[in-house]
Amino acid sequence: MTVSAREGAPRPADPAPLGFTPGGFLLVISGPSGAGKGTLVDRLVSTRPECLFSISSTTRPQRAKEQDGVQYEFVTRQEFERRRSAGFFLEWAEVHGQLYGTPVRFVDDEVKRGRVVVLDVDVQGGASVRRARPDAVSVFIYPPSIDALRQRLLHRATDSAEVVERRLKDAPGELSQYREYDYLVMNDDLEQAARRLTNIVDAERARVRRLAEKS
């Protein structure tokens, strides 16, 4: 029997793409109060245009240096509960007696546009987001010590002594949750920690499964 030269030949490869566009994803930044999450998130968002901060809603009182709609959207408990019942939140949690929630529509719309949507949430909120969005990238910000947490909280001067002590009491249990995260960033030096966080974003944006081919 005569076998054609083409029979059994390898199939021609698909044309190589001319380039790639990184896809968006949800980046969850967690850690105990005073670990430096907010400072690192501010650094990341201000230096990387593809990163966008997701503003959460909360019932806690507005602090002196905060602006409504910038750090948080401050709402009444009644309004928060109305939104929660309407399915407005991707996740919500009650922390130290106050309610916090992440708006689901904003997150999903911006990720589809290719943005890195950054959430600054407590450990409880981080667990809720990971359950709701298993594909989210999670980073735990770890302080150098409990004493460093205490000094940062006192220096911040935004909470009463009672609240500070309650946050410090909760810290050991929160720190033990780092094993549940994809990455850990030790915040013992701000500049180094900021670089580590940026490197994580770059690595995740280069994942093949997130790349869209340019034709």
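The values are calculated or read from the model by the stated rules, or taken from the named source; none is laboratory data. From a predicted model like this one, the values you see are computed outputs, not experimental measurements. Every residue, glycine as well, gets a Cβ built from its backbone with ideal geometry; the counts of neighbours run over all protein chains shown.
Descriptive notes on the structure:
- Selection from the range 181-194 of residues that are free of Cβ contacts under 8 Å to residues at least 60 places away in the same chain, within 25 Å of Ser128 (Cβ to Cβ) and more than 14 Å from the chain's Cα centre (by Cα): Met186
- Checking Glu81, Glu73, Glu110 one by one, the residue that is modelled with pLDDT of 95 or more, more than 25 Å from Glu162 (Cβ to Cβ) and charged (D, E, K, R) is Glu81 and no other.
- Among the residues of the range 200-212, those identified as over 12 Å from Val116 (Cα atoms) and either in a helix (DSSP H, G or I) or out of contact with any strand residue (DSSP E or B) (no Cβ under 6 Å at 6 or more places or on another chain) (or both) are Ala203, Ala206, Arg207, Val208, Arg209.
- Positions within the range 34-67 being closer than 25 Å to Val104 by Cβ, of a type in the set (Val, Ile, Thr) and modelled with pLDDT of 90 or more, in sequence order: Val41, Val45, Thr58, Thr59
- For the range 101-129, the set of residues classified as in a helix (DSSP H, G or I), aliphatic (A, V, I, L, M) and touching a Gly at 6+ places or on another chain (Cβ under 8 Å) consists of Val104, Val111, Val123, listed by residue number.
- Taken together, Gln62, Gln98 contain a single residue that is within 17 Å of Pro32 (Cα to Cα) and exposed (fewer than 14 other Cβ atoms within 10 Å of the Cβ), which is Gln98.
- Conditions (1) in contact with a Gly (Cβ under 9 Å, 6 or more places away or on another chain); (2) over 28 Å from Ala194 (Cα atoms); (3) acidic (Asp, Glu): number failed by Glu91: (2)
- Residue match in the range 132-146 (condition: of a type outside the set (A, V, I, L, M), in a helix (DSSP H, G or I) and on the phi < 0 side of the Ramachandran plot): no
- When Leu197 is tested against the conditions (1) surrounded by 17 or more Cβ atoms within 10 Å (Cβ to Cβ); (2) in a helix (DSSP H, G or I); (3) without any contact (Cβ under 8 Å) to a residue 24 or more places away in the chain, the lone failure is (3).
- Condition check for Glu91: within 14 Å of the chain's Cα centre (by Cα), in contact (Cβ under 8 Å) with a residue 24 or more places away in the chain, closer than 24 Å to Tyr181 by Cα and in a helix (DSSP H, G or I): no
- Hits in the range 133-165 (condition: farther than 19 Å from Leu40 by Cα, surrounded by 15 or more Cβ atoms within 10 Å (Cβ to Cβ) and modelled with pLDDT of 90 or more): Arg133
- Among the candidates Ser128, Ser145, Ser56, residue that is within 23 Å of Met186 (Cα to Cα), polar (S, T, N, Q) and under 14 Å from the mean Cα position of the chain (by Cα): Ser128
- Here Lys169 meets each of (1) in contact with a Phe, Trp or Tyr (Cβ under 6 Å, 6 or more places away or on another chain); (2) exposed (fewer than 13 other Cβ atoms within 10 Å of the Cβ) with one exception, condition (1).
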